[in-house]
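My questions all concern the structure below.
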Amino acid sequence: MNNRDLVCLFLFVVLTIGCRHEHKHPVDFYYWKADVHIGETERNYFDSLACERLFIRLFDIDLQEGNPVPVAKIKRFDATIFPAEYVPVVFITNRTFADMTDDKIAELAEHTLKLIRDIATVNRFPEIREIKIDCDWTTRTRNAYFRFLEILKERSAKKISCTLRLHQIKDKKQTGVPPVDKGYLMCYATSDPTGDDSANSILDISLLKAYTRTINDYPLTFDVALPLYSWGIVTNHLGQKKLVNGLSADDMQLPFFRRTGEYTFEVEQDCFLHGLYINKGFTVKLEEITPSLLTEAKQYLHRTIDHNYRIVYFHLSEGFLKRFTIQELK
């Protein structure tokens, strides 16, 4: 090979590597409230980001007196509010699938599909093309959950997708790969918020990297879900902890709170915090997704994942959206 050939080969390799990650990642949103309220802010972000799909949670399924039942059903709303594709999402607790017989699995799939159709009809959904299931399955519940997904696919004749937790990606040999058309990698809830870890339990970049070292070996097409939400972890005098959703640094002001660390505060006066009554001496650990943290996660995933993917933000709510500019979410 002469020098000219070597130069051409070098340029080809450089251009190939450079082009590999030039693609953009279209943006969609989750909507996770039972009482639907889509205001001007939500409309503006959805339209400005040229979103094509809204992943809307319709209901949860959990065990009550040993039987799986729908809970927290979405209230009636007008699905024509966005000229977009609506993807119904159903959250199912892992314990729902423990020790479930084949007959019960088929029955659950049928009832789930019927309720989705009923809600979609009442709320004037456009044509449903995809149904998404959210379940943090384990090795114990894997077989029942996977069979549920198969039956849902057979009886709906729709595209079936599901969430993928980071541990399910990392430990795919133990947890298995779900029999779906597509996955959605949840790049949040990386650790237990009630634990003693000082890291951000919503999104810890070091944990994200550790769990995705072999991400490109995962044998299922997937998009990426990223968080916009925040919360505070309130600890009382007995060490008991409670999550308060939607907190931000703006809520932690004097004279009621004294900063004790970069993300920690002590309660200086008895007060209400987003409806929760807290006492002097309680502590609050604030965990939120900042624009810089979101950018760091997006850049890492962009460098690491070797296929085109969309980003789905959790979730479409004014309180979270206003912390980011349109440009920061692109």
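Among the residues of the stretch 136-153, which ones are closer than 10 Å to A109 by Cα, open to solvent by 80 Å² or more (accessible area, probe 1.4 Å) and not basic (K, R)?
none
Return yes when L63 is open to solvent by 10 Å² or more (accessible area, probe 1.4 Å), touching a residue at least 12 places away in the same chain (Cβ under 8 Å), among the hydrophobic types (A, V, I, L, M, F, W, C) and more than 20 Å from K33 (Cβ to Cβ) and no when it is not.
On the way: open to solvent by 10 Å² or more (accessible area, probe 1.4 Å): yes; touching a residue at least 12 places away in the same chain (Cβ under 8 Å): yes; among the hydrophobic types (A, V, I, L, M, F, W, C): yes; more than 20 Å from K33 (Cβ to Cβ): yes.
Judged against the criteria, L63 is a match.
Is it true that some residue in the stretch 240-249 is in contact (Cβ under 8 Å) with a residue 60 or more places away in the chain, within 22 Å of F46 (Cα to Cα), surrounded by fewer than 20 Cβ atoms within 10 Å (Cβ to Cβ) and polar (S, T, N, Q)?
Initially, the stretch 240-249 is screened for residues in contact (Cβ under 8 Å) with a residue 60 or more places away in the chain, giving 246, 248.
The next check asks that each one be within 22 Å of F46 (Cα to Cα); those that pass are 246.
Subset that is surrounded by fewer than 20 Cβ atoms within 10 Å (Cβ to Cβ): 246.
Keeping just the survivors that are polar (S, T, N, Q) gives none.
The answer is no; no qualifying residue exists.
Pull up the stretch 196-211, narrow it to residues that are among the hydroxyl-bearing types (S, T, Y) and not in a helix (DSSP H, G or I), then point me to the one that is most open to solvent (accessible area, probe 1.4 Å). Don't jump to the end; show me each part of the working.
Looking only at the stretch 196-211, we keep the residues that are among the hydroxyl-bearing types (S, T, Y), and these are 198, 201, 206, 211.
From the residues that got through so far, the ones that are not in a helix (DSSP H, G or I) too are 198, 201.
On the way: S198: 104, S201: 3 Å².
Within the stretch 196-211, the match that is most open to solvent (accessible area, probe 1.4 Å) is S198.
Being open to solvent by 60 Å² or more (accessible area, probe 1.4 Å), within 23 Å of D197 (Cα to Cα) and part of a loop (DSSP other than H, G, I, E, B) is the filter here; which residues of the stretch 250-293 pass it?
T260, E262, Y263
Still on this structure, please answer the following. Quick one: count up the residues across the stretch 20-60 that are under 18 Å from the mean Cα position of the chain (by Cα), open to solvent by 20 Å² or more (accessible area, probe 1.4 Å) and among the acidic types (D, E).
Total satisfying the criteria: 2.
Another one. Starting from the stretch 297-317, keep only residues that are more than 15 Å from C51 (Cα to Cα), then list their pairs with residues that are in a loop (DSSP other than H, G, I, E, B) and open to solvent by 10 Å² or more (accessible area, probe 1.4 Å) whose Cβ atoms are within a distance under 6 Å, requiring at least 6 positions of separation or different chains.
Partner pairs satisfying both residue conditions: H302/H21; N308/H23.
Also, quick follow-up: For Y313, all conditions in the list (1) modelled with pLDDT of 95 or more; (2) open to solvent by 10 Å² or more (accessible area, probe 1.4 Å); (3) in contact with a strand residue (DSSP E or B) (Cβ under 8 Å, 6 or more places away or on another chain); (4) hydroxyl-bearing (S, T, Y) hold save one; what is the number of the exception?
Against the list (1) modelled with pLDDT of 95 or more; (2) open to solvent by 10 Å² or more (accessible area, probe 1.4 Å); (3) in contact with a strand residue (DSSP E or B) (Cβ under 8 Å, 6 or more places away or on another chain); (4) hydroxyl-bearing (S, T, Y), Y313 comes up short only on (2).
Related question: Could you list, in sequence order, the residues of the stretch 216-230 that are among the hydroxyl-bearing types (S, T, Y), open to solvent by less than 20 Å² (accessible area, probe 1.4 Å) and over 30 Å from L247 (Cβ atoms)?
Result: Y218, single match.
Quick one: which of P88, P70 is part of a strand (DSSP E or B), open to solvent by 30 Å² or more (accessible area, probe 1.4 Å), out of contact with any Gly (no Cβ under 9 Å at 6 or more places or on another chain) and not acidic (D, E)? Can you show your working first?
On the way: P88 fails: open to solvent by 30 Å² or more (accessible area, probe 1.4 Å).
None of the others qualify; the one that does is P70.
The values are calculated or read from the model by the stated rules, or taken from the named source; none is laboratory data. These figures come from a predicted structure and were not determined experimentally. When we count neighbours, we look across all protein chains shown, and the Cβ atoms used for this are built from the backbone with ideal geometry, even at glycine. With ligands, DNA and RNA removed, areas are computed over all heavy atoms of the protein, side chains included. Shrake-Rupley method; radii C 1.70, N 1.55, O 1.52, S 1.80 Å.
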